[in-house]
1. Only helical DSSP H runs with n ≥ 4 go in: add -39500 (n - 2.57) per run for the chain, normalise by residue count and round the 222 nm mean residue ellipticity to 500 deg cm²/dmol.
2. What are the extents of the Cα atoms of region 204-294 along their three principal axes, listed from largest to smallest and rounded to whole Å?
3. Do the alpha carbons of any pairs in LYS268/LYS349; LYS92/LYS168; LYS16/LYS343; LYS332/LYS407 sit beyond 27 Å of each other, and which pairs?
4. Expressed in nm to one decimal, what extension gain is obtained for the pair ALA25 and ALA381 from 0.36 nm per residue of sequence separation less their Cα-Cα distance?
5. Based on the mean of other Cβ atoms within 10 Å per residue, sort peptides 370-379, 351-360, 135-144 so the most packed one is first.
6. Pull out the extension gain between THR357 and GLN174, defined as 0.36 nm times the separation in residues minus the alpha carbon to alpha carbon distance; nm, one decimal.
7. Rank ASN153, ASN38, ASN169 by mean-square fluctuation in a GNM of the chain with C-alpha springs under 10 angstrom and give only the top-ranked residue.
8. Label GLU203 and ASN153 with points 7 Å out from Cα along Cα→Cβ: what is the distance between them in nm?
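Each value in this text was obtained by applying a stated rule to the coordinates, not by laboratory testing. Keep in mind that this is a model prediction, so the values were computed, not measured. Note that we place each Cβ from the backbone using ideal geometry, even for glycine, and neighbour counts take in every protein chain shown.
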Amino acid sequence: MSVSIVVGAQWGDEGKGKIIDVLSAGADMVLRYQGGANAGHTVFIGETKYVLHLIPSGILRPDVTCIIGDGVVLDPEAFMAEVEILHKAGIKTEGRLIISPRTHIILPYHKKLDNCSETLMGKQKIGTTGRGIGPAYVDKYNRTGLRAVDLLNDTIREERIRENMKQKNFLIEQYYHEQPLNTDEILEQAAVYARAIKPYISETIDRVQQSLQQGEAILVEGAQGALLDIDYGSYPFVTSSHPVAGGAFVGSGLGLVTQHTEVIGVAKAYLTRVGNGPFPTELKGATGTLLRDRGGEYGATTGRPRRCGWLDLVALRYSMHINGLTQLALTKIDVLDGMSELKMAISYKLEGRELATFPADPVEQESIEPVYITLPGWSEATSACSSVEELPRSARDYIAFIEDFLKIPVKIISTGQRRDQILFQ
Ligand code: IMP
């Protein structure tokens, strides 16, 4: 039996899609445990680009069973659109893509409320993806949400939506001063969603347990990143779920599996963030633009330009602790090719004091100044290297510095978009 949990170790967009795609070659099952269509996992197969928002990236491997777990919030519209793209590409989903009956459903009012709230907050907005994630988790924890199993039940579906709509429309009209939504239309849409996703809904707990007992290789796919975690991230500029590895145990039906479990943190060789919130090592000038251009740093879900900066080892160590990382996968190292020198934050300064960890206080998060170490860059193209030994000396030193600082190994290095641009050490 082996369980590998792959999590974003930064603010999301670390390149998890590619790492999961590569690792799923040896997997029997891929499980998604949190978030929703706010994620954007990009995978290149040859020249073809797939961007998956909800469906686990393992779907691109024909023998892998993919599970959308209990902790996910599923937008049926986004789900069906993705299924259609996969079917058009000749990728089969029948019998190998399963939605847990306990997965909560995103309805049009969640998306509406997400956008109303952002508009009202103006400059203070979180910068959400507008996919209804926060409002759907609010309903889940308020015990007024609809789960997949509830969506299938005509009576529960109608009663709960009617009841919710009273409150949602009150908020939309009276608080946000926007046009109300039409309850009958939403009921019709929900009935269409129920018919569309019904074939995919079936009990997942037994299926997952069976897989564990049979010693199958299970890959658990995190979305977003640890620094966006609702408890541990840069609150309130976070998502509403638990991207940290612990979220996998509650959101997937695995139970607490600690034996033979690897927790693989995916980290970009530099750092990006999309949406608002603190970012101590952000580069606002030419170097930031260079990283954005070279790294194609535009959101896979919203197309927004990502903010770019130097690798922050203090934040990464914090992430290692809250995730229990056992190893790192370092992505996009090729983006750093040709830069004469590279910096990494190794501590923070706050009003003359040194801080060794990522602070909880949002005011401190905004005012800390990173203390950098500067390392020499390299001019050679890492994307052409077929082994770690072939990497330029300075690139190996850059990786070794990270390992030394964090005291965990960097076992996977991604040197480009293609499946074969990956090195293991
Ligand atoms: P929400 O998850 O749409 O509510 O957005 C909350 C915050 O998380 C915003 O800053 C988003 O930009 C960020 N976010 C959500 N999903 C992702 C992702 O997959 N990658 C990077 N940032 C994300």
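1. On the way: 13 runs with 138 residues, N = 425.
The helix-only estimate for the chain comes to -9500 deg cm²/dmol at 222 nm.
2. 53, 28, 20
3. Details: LYS268/LYS349 23 Å; LYS92/LYS168 38 Å; LYS16/LYS343 23 Å; LYS332/LYS407 21 Å.
As for pairs spanning more than 27 Å Cα to Cα, those are LYS92/LYS168.
4. Numbers: separation 356, 0.36 × 356 = 128.16 nm, distance 2.65 nm.
That works out to 125.5 nm of additional length.
5. Values: 370-379: 15.0, 351-360: 12.0, 135-144: 17.0.
For the peptides 370-379, 351-360, 135-144, the packing ranking is 135-144, 370-379, 351-360.
6. On the way: separation 183, 0.36 × 183 = 65.88 nm, distance 4.30 nm.
Extra length available between THR357 and GLN174 comes to 61.6 nm.
7. ASN153
8. Distance between the two pseudo-spin positions: 1.6 nm.
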